[in-house]
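Remarks on the structure that follows.
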Amino acid sequence: MSQRRKFLQTSLAGALAVLWQRKSLAAVVKEKQQGTKDPVVISTWDFGKAANAEAWKILVAGGDVIDALEKGAHVPEADPNNQTVGYGGFPDRDGKVTLDACIMDGALNCGSVAALEHIMHPISVAKLVMQKTPHVMLVGEGALQFALANGFKKQNLLTPASEKAWKEWLKTSKYEPVINIENKAWQGDKKKLPGGPYNHDTIGLLGIDSTGKMGGACTTSGAAWKMRGRVGDSPIIGAGLYVDGEVGAATSSGLGEEVIRTCGSHTVVELMRQGFDPEAACRKAVERIVNRDPERAKKLQVGFLALDKAGNYGAFAIHKGFTYSVKNGREEKVLEAKSYFS
Ligand code: GLY
């Protein structure tokens, strides 16, 4: 064999080896970010049940977890009676509805929008930020500009009911978060409350599709009567949502400031990485908030929800009343999380 031929053969074998190695490396990464092949979707609060049902239609048909969670999040975002997410959400103290949302998959791809106005489905804008831009987060005017450039339509998100509640709140203008107010509102107790303040919260959805890919989505109108420009935990990767396909996913609901300062959802995922099961990991993250200031913690609510890559789930909250919804091939149910204070 000529030297030249030998050289070409060796080079070809080398190139094929490199290609094979690349492929196997990609396969290893993919494998690492995949969990169980049994689809599952879980979400915060009892109103998550309807969102799960929508997500499930895609999951059960073999669809992608990110598409499924996006569709699930659309349910509360479009519901004018849900005054803590999307259309009909309570406005800030200036009467403007401003929305926060983010989305993430198990390979750490993520997108986020904050303080977005006039767009009913911020979760879909966040998804496009993830898929179409080199960035993770767009805020305010820039986020709106990006949404409009991508075909989203401007809408008035302030419903008469939320405007009325805001005007009522203006009479005292007192900002005082009320524990689990979102849940009470959903259960129809809202009329028993004074003109305000009504408060949180957020829907966070976590899921695994039939390929084992993990994902998460989080969307909210944030704290009612917040200062203009205030951004909560929900659009912040690591605070309101975190997903790592090697371990699992977590999301939060409640007073966002407390979740931001403890990097709450990231903390939960890292605790699962250390071997804590989902409920224990959520409990430890709650304890960090409580231990910082136990007296203060008596007056505020935060709940964490987690899913590991095997499909095990769990939740924990500072106070009673934090509910979450679960849907998989065997069950569809609403559960109440255990809490630090009973
Ligand atoms: N957890 C939602 C917020 O604080 O805005």
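Read-outs: derived from the displayed coordinates by stated rules, not from any lab. Note that this is a predicted model, so its numbers are computed, not measured. Ideal geometry is used to build each Cβ from the backbone, glycine not excepted, and the neighbour counts take in all protein chains shown.
Overview of results
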{"item": "Length added when fully stretched, K132-A310, from 0.36 nm per residue minus Cα-Cα", "result": "61.1 nm"}
{"item": "Cα-only Debye scattering, segment 190-342: base-10 log of I(q)/I(0) at q = 0.17 Å⁻¹", "result": "-0.93"}
{"item": "Relative packing of peptides 35-44, 144-153 - highest average C-beta neighbours within 10 Å first", "result": "35-44, 144-153"}
{"item": "Fraction in percent of alpha-carbon pairs per bin - 5 Å, segment 36-110", "result": "3, 15, 22, 22, 17, 11, 6, 3, 1, 0"}
{"item": "Relative counts (whole %) of C-alpha pair distances in segment 122-175, using bins that are 5 Å wide", "result": "4, 16, 21, 14, 10, 14, 12, 7, 2"}
{"item": "GluC sites (Glu not before Pro) lying in DSSP loop within segment 269-341, provided at most 11 other Cβ fall within 10 Å", "result": "E331"}
{"item": "Stokes-Einstein diffusion coefficient of segment 95-149, Kirkwood radius over Cα pairs, 25 °C, 0.890 mPa s, in µm²/s", "result": "227 µm²/s"}
{"item": "Alpha-carbon spread of segment 287-342, three principal axes, descending order, Å", "result": "42, 21, 12"}
{"item": "Long-range HN-HN contacts of V40 with modeled amide H, under 5 Å", "result": "I208"}
{"item": "Sorted peptide list for 306-312, 83-89, criterion being average Cβ within 10 angstrom, highest first", "result": "83-89, 306-312"}
{"item": "Gain on full stretching of the segment that runs from L335 to E295 - 0.36 nm per residue minus C-alpha separation", "result": "11.7 nm"}
{"item": "Per-pair calculated FRET efficiency, R0 = 41 Å: D38 and L170 via Cβ, rounded to 0.05", "result": "0.25"}
{"item": "Spread of Cα-to-Cα distances over 5 Å intervals beginning at zero, given as percent, for segment 232-289", "result": "4, 25, 35, 23, 11, 2"}
